[in-house]
Structure formats: structure tokens, C-alpha cells
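Remarks on the structure that follows.
Every number in this text was worked out from the coordinates using simple rules, so none of it is lab data. What you see is a predicted model; the values in this text were computed from it and never measured. Methodologically, a virtual Cβ is constructed for each residue, glycine included, from the backbone with ideal geometry; neighbour enumeration extends over all protein chains shown.
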Amino acid sequence: MNGDDLGKLLRDVDAYIGELFAPPDAALQTALEDSQRAGLPEIHVSPSQGRLLQLLAEIAGARRVLEIGTLGGYSTIHFARALPDDGALISLELDERHADVARTNIERAELSDKVELRVGDARELLAALAESGVEPFDLVFIDADKEGYPEYLEWSMKLSQPGTLILGDNAIRGGGVLDPKDDSARATRQFNRMLAEDERLSSIILPILRERIDGLAIARVRA
Ligand code: SAH
Ligand code: DHB
Ligand code: MG
């Protein structure tokens, strides 16, 4: 099979899964439309990956979720929908403009009572969270600047407890991690290696099909 055929097959398979398991949803669709209108980069998770994130939060029985990198709140809405009535999600976002769009999208999805957005550099916000002695999280989703992943993983471990799921988006980056000379994937390679080698974690990378191959890193903090 040549590369074009493979690209088409990946798109068609993702569309097939999306049509089956991620049917049209007004709040999610409007969230994407508003994000696009506001000129946000279109780097949110796909509809089918959104379903996967929601399902993982459900499987984990997550009551407290921490998200690093909100953008327009598309992944946020999936996680928040997995939460029980007394659940809470804190999402960290550097860009005030992104956070404004996300706030509107989360309100429209009627999830404002469960979601708190914090605006600033995740490095500082994570340090402040740890400093405040916050209750540990059941699930952490790392999806901000790729350079920050190794540091975000260390903070995530500090904010976790046995059983916590730590998820890392974009763990494969179209295969960029395979090339040791690709500097843009250096921190992602380091993050993946940290997950693989840390004996406190049980981990894997799940390949994610989209227009290209990416990956979702999944790690569980051992008891
Ligand atoms: N999770 C979102 C996509 C996030 S895109 C979704 O799937 O719907 C990455 C986001 O991380 C962008 O909005 C970007 O502004 C934010 N970001 C980048 N660097 C950051 C930092 N240092 N601290 C917090 N957020 C950051
Ligand atoms: C891209 C995708 C992402 O999910 C992300 O968080 C950052 C960048 C991209 O495709 O460029
Ligand atoms: Mg991402």
C-alpha cells in the first residue's frame, strides 16, 4: 500500500469510528465552531479520541481531573461529562484568549459548576496547586506545550495517589519521536522514556489514528 492510500485509510477508519461512537453533539459542535471563529489553532483532540478520554475517566471512576492545556475546552467537556455530580475538573491554560473561549463553551455545555479554569503558565500553576496541599487528582491529562511534558509529569506524580491515571497527548507526533535528530520531539521522547522507566508507573502508548499517526500515553500510578 502506498503512503496516500494509507493516509486515506487512516482518515476513513477514524471517520468510521467517529460516526459510530461520537454522534453529532450540539455543545461539542458549537465549541469547535466558536473556537475556529475565534481563530484558535485546530489542535484539539478528535471526536473519537474525546470519547476515549471520556471512557478512560469513566473506567477510572475519576472524581477529580486535572487538565494541562485547555485550548477551547473541547477535551475539557469530555472529561467533565465523565464526572459524578460531586466531581471537579481544574484546567490550566496560558492564553487568556483561549480560556475566554473555553469558558463560554463550558457554560454552553452546562458544565460550569464542575469546571474551574486557571489562567497562567502551567509550571507556576502546578507549583501553586502542590503548595496549596490540594486533594490528589484521579486523572491528569497533559496536553500543553510539548517542551514542558517532562516537568508536567513530575508535577502530576506529586499531585497523584495510587491508582491515578496520567495521560499524555501527542506521544508519537506523526512518528517524529522515532527520529533522534528531530529536536522538536526531544522532550516528548524524554517524557515517553520517563513513563517507561519509572517503576512507580504502569504505562503504555496507544497509537492514535488521525490524519497521521499520533499516540496517547497512558500511565497508572501503582499502589
Ligand atoms: N486539550 C485541548 C488542546 C490543548 S492545545 C483539547 O484537546 O481540546 C494546547 C494548549 O496549551 C493551548 O491552548 C496553549 O495555549 C496551552 N499552553 C501552551 N503552553 C502552556 C503553558 N506553559 N501553560 C499552560 N498552557 C499552555
Ligand atoms: C498538535 C496537536 C495537538 O494535539 C497538540 O496538543 C499540539 C499540536 C498538532 O497537530 O500540531
Ligand atoms: Mg494535543
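Give the distance, in whole Å, between the Cα centre of the range 138-172 and the Cα centre of the range 29-78.
First find each Cα centre; the distance between them is then 15 Å.
Across the Cα atoms of the chain, what radius of gyration and what greatest pairwise Cα-Cα distance (Dmax) are found, in Å?
16.9, 54
Ranked highest first by the average count of other Cβ atoms within 10 Å around their residues, in what order do 9-16, 100-107, 135-142, 73-80 fall?
73-80, 135-142, 100-107, 9-16
Separation between the Glu42 and Asp145 pseudo-spin-labels, each 7 Å from Cα along Cα→Cβ, expressed in nm?
Simple spin-label model gives 2.6 nm for this pair.
Length gain on complete extension for the stretch Gln161 to Ala196, per 0.36 nm per residue less the alpha carbon to alpha carbon distance?
Separation in residues times 0.36 nm, less the Cα-Cα distance, equals 10.7 nm.
To the nearest 0.05, how large is the calculated FRET efficiency for Arg11 and Asp121 if R₀ is 35 Å and r is the Cβ-Cβ distance?
So the FRET efficiency works out to roughly 0.50.
Please give the calculated 222 nm ellipticity per residue for the chain, where each DSSP H segment of at least 4 residues contributes -39500 (n - 2.57) and the sum is spread over every residue; nearest 500 deg cm²/dmol?
Here the helix-only value at 222 nm equals -13500 deg cm²/dmol.
Go ahead and run the numbers for FRET between Gln29 and Ser184, Cβ-Cβ distance against an R0 of 35 Å, rounding to 0.05.
0.65
Counting only other residues whose beta carbon sits under 12 Å from that of Asp113, what net charge do I get with K and R as +1, D and E as -1?
Spelling it out: positives minus negatives among the neighbours equals -4.
Okay, which of the range 96-126 sit inside 12 Å, backbone N to the point 7 Å along the Cα-Cβ direction of Ser132?
Only 116-119, 125-126 fall inside the zone, counting backbone N under 12 Å.
Compute the signed sum of charges (Lys and Arg +1, Asp and Glu -1) over the other residues within less than 9 Å, Cβ to Cβ, of Phe141.
-3
Eight or more residues apart or on different chains, and alpha-carbon atoms under 30 Å: count the Lys pairs in the range 3-221 matching that.
6
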